[in-house]
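Reading through the structure tokens given below for one structure.
The values are calculated or read from the model by the stated rules, or taken from the named source; none is laboratory data. Predicted model only: the values in this text are computed from it and were never measured. With ideal geometry, Cβ positions are generated from the backbone for all residues, glycine too; neighbour counts draw on all protein chains shown. These area figures cover heavy atoms from the full protein model, side chains too; ligands, DNA and RNA do not enter into them. Shrake-Rupley method; radii C 1.70, N 1.55, O 1.52, S 1.80 Å.
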Amino acid sequence: MEVILKKDVENLGFADDMVTVKNGYGRNYLIPQGYAILATPSAKKVLAEKIKQRAFKEKHVIDEANKLAEQLKALQVKIAAKVGAGDKLFGSINNQNLAEALAKEGFEIEKKFITVVGGSVKRIGKYDAKIRLHREVIVALPFEITPIRDEKAIAEAKAKAAAEAKKVEAAEKAAEAAAKAAEEATEEAPETPEL
């Protein structure tokens, strides 16, 4: 089913895009919610005229998006995250975290226009994200996850492991002592005379 979007829809497209969607998604969600209209021949003609009129205005918007893209390409984004043993993050880094990091650098970009390649990130290292500034301007943004080692959490984990090891050792000693006591009890028990 072909529909014309009336509003921006995350992971689908921008307003005035003509997209093909599954029938149920179009009829049951997009059209009733007011996100899209059915792409009839008359709606396509209206859209073409609207796009033609907007083309001049759009050039200025695209130029601004390209300038912003150049600024983003020059940017080196580093996100500090708490890291435990094995360079694994406590939690994960996603498009929300990247939007916050960009906001600190002075770039206000909505999280819905940021896509972290591969989904959320769970280890330190270098990764890529795609930022959609305009329907025609998509910029690749490399970013790096740097560690903030949570020494307290690491120490707690080591202490917990040591406590577990002590519990296991104590349980083994108790089991040995019980086995030894049972063995001694059977040796010391007087034999009962047979009748």
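Side notes on the structure shown:
- Output for segment 20-30, where each listed residue is open to solvent by 70 Å² or more (accessible area, probe 1.4 Å) and part of a helix (DSSP H, G or I): ASN23, TYR25, ARG27, ASN28, TYR29
- Residue within segment 125-145 that is among the charged types (D, E, K, R) and at pLDDT below 85 present: yes
- LYS7 passes every criterion in (1) in a strand (DSSP E or B); (2) open to solvent by 60 Å² or more (accessible area, probe 1.4 Å); (3) under 20 Å from THR115 (Cβ atoms) apart from (1).
- Sub-9 Å Cβ pairs linking a first residue in segment 60-73 that is closer than 12 Å to ILE131 by Cα to a second residue that is among the hydroxyl-bearing types (Ser, Thr, Tyr) and surrounded by 13 or more Cβ atoms within 10 Å (Cβ to Cβ), at least 6 apart or interchain, number zero.
- Residue in segment 28-51 that is of a type in the set (A, V, I, L, M, F, W, C) and within 21 Å of ILE138 (Cβ to Cβ) present: yes
- Of residues in segment 31-53 being more than 13 Å from ASP17 (Cα to Cα) and touching a residue at least 12 places away in the same chain (Cβ under 8 Å), the one surrounded by the fewest Cβ atoms within 10 Å (Cβ to Cβ): GLY34
- On inspection, ASP17 does not qualify as over 26 Å from the mean Cα position of the chain (by Cα) and open to solvent by 60 Å² or more (accessible area, probe 1.4 Å).
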